[in-house]
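Read through the structure below, which is laid out as structure tokens, and then see the notes.
The values are calculated or read from the model by the stated rules, or taken from the named source; none is laboratory data. Worth saying up front: this structure is predicted, and the values here are computed from it rather than measured. Here Cβ is always computed from backbone atoms with ideal geometry, including for glycine, and neighbour counts include all displayed protein chains.
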Amino acid sequence: MNLIFAAKSLLVTRAATGDGWYLPDSAQLQNLSYQPSLIQVDGINILGSISPDVDLSLLPELRLVNLRQALNFFGMEMIEKIIHAEQMLFYQETNRYCSTCGQATSLSTLGKWLHCGHCEHEIYPRISPAMIVAVTHGNKLLMAQANHFAPEMWSVLAGFCEVGESLEQTVHREVFEEVGIKIKNVQYWGSQYWPFPNSLMIAFTAEYESGEIVLDTTEMRAAGFFAKNEIPGRPSTHLSIASRLIDDFIAKH
């Protein structure tokens with residue numbers, strides 16, 4: 001498969017029948033100029049990157065689609081490969097120079113990470129752990145809208161771990177900071193790598209314990225508990241772990 005990215009967008013092509021979107025083949029890319037990737041991932045042909053404002057008017061069959069939306073075009077196996085490729089390319093593009101001595105980096109001997117030949121510094125991909133949690137109150141689920149969400153989008157709560165915290169401490173802190181309630185019975189549910197920006201999402205379930213919802217308005221614009229037939233909106237990517245947590249709640253209630 002041929003993968004070309006432009007920032008957080010993926011280059012795709014629509015089927016001749018107009019039914020669905022696919023990754024472009026080599027013939028469709030013959031006349032496209034792009035910055036080639038040095039990074040190789042097993043089973044993935046990461047061709048490289050192009051400018052987000054590239055003129056594709058001479059290649060009308062090709063389209064740049066926001067990565068969150070583009071992930072909806074594929075199944076989970078392909079999504080994982082696309083995410084892996086995009087993150088490795090992002091890693092390469094944001095670590096072109098050594099943070100220790102400032103010299104240009106290159107691929108390590110094994111070809112899996114970047115290396116500085118001048119000072120021997122190894123630069124590994126950054127992974128940021130974050131929690132995401134489905135909080136229930138009886139037969140209702142806590143849903144919220146962050147300030148940066150589109151008007152129709154709602155999701156469960158999520159947040160990055162801070163230095164010195166356990167994942168469970170992050171869950172309790174983020175829920176209290178964002179909506180002002182205390183929770184109990186925090187249980188691990190699953191995980192998913194998520195490239196916005198470079199997050200390892202660790203999912204939990206939890207139960208409401210006490211308190212009234214009080215929003216941190218610097219981050220959130222709305223929140224509430226909703227029955228499964230009252231869910232006000234969904235995450236934009238249907239196979240995200242946030243969406244799967246919501247599906248799990250609906251199936252069990």
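List of remarks:
- Single residue of the stretch 1-54 satisfying the filter (out of contact with any strand residue (DSSP E or B) (no Cβ under 8 Å at 6 or more places or on another chain) and among the hydroxyl-bearing types (Ser, Thr, Tyr)) that is surrounded by the most Cβ atoms within 10 Å (Cβ to Cβ): Ser33
- Within the stretch 145-171, tally of residues that are surrounded by 14 or more Cβ atoms within 10 Å (Cβ to Cβ), in contact with a strand residue (DSSP E or B) (Cβ under 7 Å, 6 or more places away or on another chain) and either over 15 Å from Ser240 (Cβ atoms) or without any contact (Cβ under 8 Å) to a residue 24 or more places away in the chain (or both): 7
- Residue in the stretch 220-242 that is farther than 14 Å from Lys140 by Cβ, part of a helix (DSSP H, G or I) and of a type in the set (A, V, I, L, M) present: yes
- Restricting attention to the stretch 149-185, the residues being over 11 Å from Met131 (Cα atoms) and either in contact with a His (Cβ under 7 Å, 6 or more places away or on another chain) or of a type in the set (Lys, Arg) (or both) number 3.
- Residue that is in the same structural domain as Ala7 (by TED's automatic domain parsing), more than 26 Å from Ser51 (Cβ to Cβ) and either under 26 Å from the mean Cα position of the chain (by Cα) or part of a loop (DSSP other than H, G, I, E, B) (or both), where the choices are Glu86, Glu120, Glu77: Glu77
- Pairs, first within 20 Å of Asp247 (Cβ to Cβ) in the stretch 195-213, second among the basic types (Lys, Arg), C-beta under 6 Å, six or more apart: Glu207/Lys184
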